[in-house]
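This report refers to the structure that appears directly beneath it.
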Amino acid sequence: MAGETSAATELGPRFAEVVEVACAVNGEAVLLPLDPRESLLDVLRERLGLTGAKKGCDHGQCGACTVHLDGRRVLSCLTPAVQVRDRAVTTIEGLAGPDGTPHPVQRAFIEHDALQCGYCTPGQIMSAVACLAEGHTRDDDEIREYLSGNLCRCGAYAGILAAVRQAARAGSED
């Protein structure tokens, strides 16, 4: 039956149009052709090769994919990539200084051995930087509450807390 359209073709998946999105990633201008269904996490990892943000649960429950969007932390697995249009994305790869000097929070994590396997560490550090920037460091309970969305299966929480405390003290001395 030439010329007839099968029901499977009519009901088959429709592919979204490509959307061009301009943004800044770690301080560099980027123009991305995106499928509107793509997550920011997938674009960072698969298209831009920035693998610091991890795909842990892919449901926004573990925090391993935490990045900053205009200076505020977001879970990149739940953030549609098209939402970054004309915005600034910072990943763990973008925290170090231009000369490669580690960010003070990265140094504090190293000094306090605030990691074991390291899988959650990028997300932990990105949340810790946001915690400091937003001033949620009055006491240990406030730090713990702010970082509660970032899980560490190895249990390095004591070192993480000590690292954030140290970075907060260092920041208040500036």
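Annotation: of all residues in segment 43-83 being charged (D, E, K, R) and within 11 Å of the chain's Cα centre (by Cα), the one that is surrounded by the fewest Cβ atoms within 10 Å (Cβ to Cβ) is Arg72. Scan segment 134-163 residue by residue and report those that are of a type in the set (A, V, I, L, M), within 20 Å of Arg107 (Cβ to Cβ) and surrounded by 15 or more Cβ atoms within 10 Å (Cβ to Cβ). Of everything in segment 134-163, those that are of a type in the set (A, V, I, L, M), within 20 Å of Arg107 (Cβ to Cβ) and surrounded by 15 or more Cβ atoms within 10 Å (Cβ to Cβ) turn out to be Ile143, Leu147, Ala156, Ile160, Leu161, Ala162, Ala163.
Take the conditions (1) touching a residue at least 40 places away in the same chain (Cβ under 8 Å); (2) assigned to a loop (DSSP other than H, G, I, E, B); Cys77 misses just one of them, which is (1). Looking only at residues in segment 164-174 that are among the small types (Gly, Ala, Ser) and modelled with pLDDT of 95 or more, which one is surrounded by the fewest Cβ atoms within 10 Å (Cβ to Cβ)? Restricting to residues being among the small types (Gly, Ala, Ser) and modelled with pLDDT of 95 or more, the top hit is Ala168. If Asn150 passes every condition in (1) farther than 18 Å from Val164 by Cα; (2) in contact (Cβ under 8 Å) with a residue 60 or more places away in the chain but one, which one does it miss? Failed condition: (1). In segment 99-133, of all residues being β-branched (Val, Ile, Thr) and touching a His at 6+ places or on another chain (Cβ under 8 Å), the one that is surrounded by the fewest Cβ atoms within 10 Å (Cβ to Cβ) corresponds to Val129. When segment 81-121 is filtered for residues that are part of a helix (DSSP H, G or I), under 30 Å from Pro33 (Cβ atoms) and among the polar types (S, T, N, Q), only Gln83 remains.
The values are calculated or read from the model by the stated rules, or taken from the named source; none is laboratory data. Only a predicted model underlies this, so the values are computations on that prediction, with no experimental measurement involved. Cβ atoms come from the backbone with ideal geometry, glycine included; neighbour counts cover every protein chain shown.
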